[in-house]
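Here is the structure we will look at.
The values are calculated or read from the model by the stated rules, or taken from the named source; none is laboratory data. Every value quoted in this text rests on a predicted model; they were computed, and no experiment measured them. No Cβ is skipped: glycine too gets one built from the backbone with ideal geometry, and neighbour counts run over all protein chains shown. Note: accessible area is taken over every heavy atom of the protein model, side chains too, but ligands, DNA and RNA are not part of it. Shrake-Rupley method; radii C 1.70, N 1.55, O 1.52, S 1.80 Å.
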Amino acid sequence: MATLKEKIGYALGDAAAGGITWKIMSIAFPLFFTNVFGLTFADAATLMLIARMFDVVTDPLMGSLADRTQSKWGTYRPWLIIGAIPFGLIFALLLYTPDFGPVGKRVWAYSLYLLMMAMYTAVNVPYGSLLGVMTDDDNEKNQFSSFRMVGAYAMGFITLLSFPYLQRMVGGTEQHQYAVLGAFFGFIAAAGTLACGLMTKERLKPVRAEKFSFKQFGDLFKNKPWIILTLIGICTNFFNGFRYAVAGYMLEYCLHGDVTVSGLIINYTVFMTFGELTCMIFGGVSPSFTKMIGSKRMAFMAAALICVVFSIAYFFVPMDPSYIWVMVALVVLTSIGIGLYSPLLWSMYADVADYATEKNGTSSTGLIFSSGTMAQKFGTAISGSLVALFLGIAGASMITDDMGNTMVDPASITDSVLTMVWSLFSIFPAVIAGLIILLCWIYPIKK
């Protein structure tokens, strides 16, 4: 029987990875790379696309490697314990802007981003796989998944809400602000990852296939539940990815900068914070909601339908700062659906891992969960890349100032660009949520 301390420890792992590093990478990086660091839209889009091709190889290899790890700390925990400090350090360096020319900056951004993706894989794939060896009780798996999501969204709420105030506190140039905050949040991420590795327990021993074989990769593509769930995972991250990646542009261009209401600074991080808080609350409600609905599959479909309805409604809100609370309300309502389905995804991956073990006779828990991490990174980064691409297609362009810094040309922000930004936050995600419903309908595991 897992203790409350262990569930909190498990929550700290995604508070570090999902609530800090991934949240900042999802929402701040598109705007940071183009408006602060100085990459062009094309550079930023290419960077994220290359990183995804890199992940297609590293994530499954990491899953297979983690499955075969044996140490005094267990199979998956040593990766968290040993990887914690490099994880936080590389994240800090990625938010530092070196005093290089355009070529040097590209090399720095590409190298550090790929290294960060590799380090994220080395920590997060084993972290997700832990769920498969901490308990064999389905209700406890749902509880651990719920704690995980609450931890991620609670820390995401704190991170995004505090970000603009911490920027003001740090002062100086935006480049200096991001560098200091990178070091600060990198330290917290490292501490949370280490705490997770030390506070959790591995109760179940995987049935290992000790020798590496490509057969296990082939077996994945014969596993129908895995294929469908991976597509669902990619779609959920496309849904979030479009919204997070475009939020900064939406506040800056559609609403003409930060909106201040009764002393509250609503910039792009604070705007999305309202959703984080909602996701945290309804992530905790998710196990009860699933029991009420009767199955994970049907609960997922109901939650995705909520996302479809309120994402479409958002498109019809006028692009006017005076409607900010209507926008916030729709973000909150959409986030109810996200909060309800987020814990289900990881619990369903545990079901798929059990199905694969029963079918193939050996455990591939790490490999199965690596696909969840790959889907997370693929969906988020490709959507971020597509945002840069679509904005360029709509007419947004870059110029170079007198100091040689690359920046968005204000004159290129036309009505077509604004409509594209608004659609990327509403209509595009709504279509993706509709696809999630269709995939859940054909998902074969009925638990």
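Overview of results
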| quantity | calculated |
| --- | --- |
| Pair list, Cβ < 6 Å and 6+ apart or interchain, from region 416-436 residues that are small (Gly, Ala, Ser) to residues that are open to solvent by 30 Å² or more (accessible area, probe 1.4 Å) and modelled with pLDDT under 95 | Ser416/Gly395 |
| Scan of region 130-171 for residues that are among the basic types (Lys, Arg) and surrounded by fewer than 21 Cβ atoms within 10 Å (Cβ to Cβ), ordered by number | Arg168 |
| Failed item, numbered, when Tyr127 is tested on (1) touching a Gly at 6+ places or on another chain (Cβ under 6 Å); (2) open to solvent by 10 Å² or more (accessible area, probe 1.4 Å); (3) not basic (Lys, Arg) | (2) |
| Region 306-317 - residue that is of a type in the set (Val, Ile, Thr) and closer than 16 Å to Thr278 by Cβ and, of those, most open to solvent (accessible area, probe 1.4 Å) | Val309 |
| Test: residue in region 102-110 that is closer than 21 Å to Glu202 by Cα, basic (Lys, Arg) and modelled with pLDDT of 85 or more | no |
| Residue within region 222-238 that is modelled with pLDDT of 70 or more, within 25 Å of Val387 (Cα to Cα) and of a type in the set (Phe, Trp, Tyr) present | yes |
| Residues satisfying the stated conditions in region 84-108, i.e. under 18 Å from Ala183 (Cβ atoms), out of contact with any Leu (no Cβ under 6 Å at 6 or more places or on another chain) and not aromatic (Phe, Trp, Tyr) | Ile85, Pro86, Gly88, Leu89, Ala92, Leu95, Thr97, Pro98, Asp99 |
| Residue match in region 75-91 (condition: in contact with a strand residue (DSSP E or B) (Cβ under 9 Å, 6 or more places away or on another chain) and buried (at least 20 other Cβ atoms within 10 Å of the Cβ)) | yes |
| Selection within region 258-305 - in contact with a Pro (Cβ under 9 Å, 6 or more places away or on another chain), under 17 Å from Ile336 (Cα atoms) and open to solvent by less than 30 Å² (accessible area, probe 1.4 Å) | Gly283, Ser286, Thr290 |
| Residue check, Gly434 open to solvent by less than 50 Å² (accessible area, probe 1.4 Å) and modelled with pLDDT of 95 or more | yes |
| Hits in region 172-189 (condition: open to solvent by 20 Å² or more (accessible area, probe 1.4 Å), closer than 22 Å to Pro86 by Cβ and in contact with a helix residue (DSSP H, G or I) (Cβ under 7 Å, 6 or more places away or on another chain)) | Val180, Ala183, Phe187, Ile188 |
| Failed condition for Asp219, given (1) farther than 23 Å from Ser335 by Cα; (2) at pLDDT 85 or above | (2) |
